[in-house]
1. Specify which of the listed residues (Lys113, Lys129, Lys100) is modelled with pLDDT under 95 and on the phi < 0 side of the Ramachandran plot.
2. Hey, among the residues in the stretch 119-159 that are outside any strand (DSSP E or B) and among the charged types (D, E, K, R), which one's surrounded by the most Cβ atoms within 10 Å (Cβ to Cβ)?
3. Kindly indicate whether any position in the stretch 56-66 is within 24 Å of His154 (Cα to Cα), of a type outside the set (Ser, Thr, Tyr) and at pLDDT 90 or above.
4. What tally of residues in the stretch 28-55 results from selecting those that are hydrophobic (A, V, I, L, M, F, W, C) and under 13 Å from the mean Cα position of the chain (by Cα)?
5. Restricting the search to the stretch 7-20, which residues are free of Cβ contacts under 8 Å to residues at least 60 places away in the same chain and assigned to a loop (DSSP other than H, G, I, E, B)?
6. Among the residues of the stretch 24-56, how many are loosely packed, with under 15 Cβ neighbours inside 10 Å, in contact with a helix residue (DSSP H, G or I) (Cβ under 8 Å, 6 or more places away or on another chain) and touching a residue at least 24 places away in the same chain (Cβ under 8 Å)?
7. So in the stretch 1-23, with the set limited to residues that are within 19 Å of Trp146 (Cβ to Cβ) and among the hydroxyl-bearing types (Ser, Thr, Tyr), which one is surrounded by the fewest Cβ atoms within 10 Å (Cβ to Cβ)?
8. Considering only the stretch 86-97, I want to know if a residue exists there that is within 20 Å of Ser13 (Cβ to Cβ) and touching a Lys or Arg at 6+ places or on another chain (Cβ under 7 Å).
Amino acid sequence: MLTFTSSFNLNRSIELFDSLYEEELQLDHDDKSELLEVCRGQIAYLFLNGKVVGETYGASPAWLFQMLDDDIPDTNRSGNSCYCYSTTIVPAYQGFGFGKILKAYWLGLCRAKGFVRVCGHATSEGAIKLNKGFGAVFVGHPHLNWEGTTRTAHYYEIDL
């Protein structure tokens, strides 16, 4: 049975999800705690038969956009847009469509909160494909060596 929640143990979240990324992309306890606090309901965790499968979250506050690249259009810096900070599926559950289910649920949460657009940076082929499946339009120039990694980030927008 699939279930969703907006709360989960922060230390466990860091252990399960942030640890999957390069050190430069990992959040520590304080940074993730602050970010999740700002998300105020724009957080979703997916569970399969009681086991956590994935997490996704985003925020719209001006302070978050100040941390991001200048290529985010001013129209997406308003309270009408939500920046998707991360969508991550536990490796054992990747390739089964759980990313699509989680992202669809989260986009529904965003729309219910009054957002008209979701934007973000896709840093893997899987993330690009996932977001294209929801109608993402990729704009601007790719960012090489995203946050000091070997990843290339592609900025996208999804109208809700």
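The values are calculated or read from the model by the stated rules, or taken from the named source; none is laboratory data. Because the structure is a prediction, the values reported are computed rather than measured. So basically every Cβ, Gly included, is an ideal-geometry build from the backbone, and we count neighbours across all protein chains shown.
1. Lys113
2. Arg151
3. No, that holds for no residue.
4. Residues that pass the stated criteria total 5.
5. The answer is Ser7, Phe8, Asn9.
6. Counting residues in the stretch 24-56 that are loosely packed, with under 15 Cβ neighbours inside 10 Å, in contact with a helix residue (DSSP H, G or I) (Cβ under 8 Å, 6 or more places away or on another chain) and touching a residue at least 24 places away in the same chain (Cβ under 8 Å) gives 2.
7. Per the criteria, the residue is Ser19.
8. yes
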